[in-house]
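The block underneath contains the structure these notes are about, expressed in structure tokens.
The values are calculated or read from the model by the stated rules, or taken from the named source; none is laboratory data. Model, not experiment: these values are computed from the prediction. Glycine gets a Cβ as well: all are built from the backbone with ideal geometry, and neighbour counts include every protein chain shown. Heads up: the accessible areas ignore ligands, DNA and RNA and are worked out on the full protein's heavy atoms, side chains in. Shrake-Rupley method; radii C 1.70, N 1.55, O 1.52, S 1.80 Å.
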Amino acid sequence: MSGAGAPELTVDAKGLTIEIVASQWHTEVMDGLVAGAIRAAEAAGANYRVTRVAGAVELTVVAEALARKGVDAIAALGVVIKGATPHFEYVCQSVTLGLTDVAREHLVPVGFGVLTCDDDAQALDRAGLPESREDKGAEAVEAALTTALTLRSL
């Protein structure tokens, strides 16, 4: 399981704002990811806003717009399930590179909560639902906020 060795982050992000940008495909998984992201933002004491977009590719342009506004951190949440065509590879590569570019160009941490899974079961196992083994929505928020605090300390 990919969660092996993950750090346990305790984040005090009072005064920071995180923008949670979430796609709408795969409703059950996305609802779990968004709920986990909100729980993590509230536990850290951060202000947050949730913006929904159509799909994973659209995460990049909204993250770009938010980064240009000078937000403290962004958590990008989405789900891409592998199918029978190469579409999966194109979407995953586009989203990964796009979100990485946003972070580097604007020095705004982007927590990567985009699940890239072979099937629905893998996505559900990472969605932060009661029966899930991982909570990637929360992890994306914690990573982005921790990085925002690190950048402030430099």
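Once the piece of chain linking residue 84 and residue 120 is laid out straight, how much longer is it, given 0.36 nm per residue of separation minus the C-alpha distance between them? Display every interim value, and only then the final one.
Numbers: separation 36, 0.36 × 36 = 12.96 nm, distance 1.41 nm.
Difference between extended and current length: 11.5 nm.
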Most fluctuating residue given options 81, 38, 18, as computed from a GNM of the chain linking Cα atoms under 10 Å: 81
Most mobile of 63, 76, 35 in a GNM of the chain (Cα contacts under 10 Å): 35
Of the DSSP H helices in the chain, those whose Cα atoms cover at least 18 Å axially and whose Kyte score averages -0.5 or more: 27-44, 87-106, 136-153
Table column - 3J(HN,Hα) (Hz), segment 45-55, Karplus curve with 6.51, -1.76, 1.60, x for Gly and Pro: x, 8, 7, 8, 9, 10, 10, 9, 10, 4, x
Between segment 94-135 and segment 37-59, the alpha-carbon center distance in angstrom: 12
Dipole magnitude (debye, nearest 20) for segment 1-92, charges at Cβ of Lys, Arg, Asp, Glu: 160
Entry for Rg and Dmax of the Cα atoms in Å (calculated from the structure that is shown) out of [x] 15.7, 53; [y] 16.9, 56; [z] 14.4, 46: [z]
Cut-off 14 Å between beta-carbons: net charge of the residues surrounding residue 83, Lys and Arg +1, Asp and Glu -1: -3
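Using +1 on the beta carbon of Lys and Arg, -1 on that of Asp and Glu, and nothing else charged, what's the dipole of the chain about the Cα centre, debye to 20?
Details: 12 positive and 21 negative charges, 107 e Å.
Charge dipole of the chain: 520 debye, to the nearest 20.
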Dipole of the chain [Lys/Arg +1, Asp/Glu -1 at C-beta], most positive-end residue of 34, 116, 128: 34
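Taking the solvent-accessible surface of protein heavy atoms with a 1.4 Å probe, what is the per residue accessible area of the chain in Å²?
Values: 7890 Å² over 154 residues.
Per residue, the chain has 51 Å² of solvent-accessible surface.
When the Kirkwood hydrodynamic radius is evaluated over all pairs of different C-alpha atoms of segment 74-154, what value in angstrom, to one decimal, is obtained? Mind dumping the intermediate values first?
Details: mean 1/r = 0.0737 Å⁻¹.
Final number for the Kirkwood radius of segment 74-154 is 13.6 Å.
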GNM top mover of 36, 45, 137 - the chain, alpha-carbon springs below 10 Å: 45
Structure-based [θ]222 nm, the chain - -39500 (n - 2.57) summed over DSSP H runs of at least 4, per residue, nearest 500: -15500 deg cm²/dmol
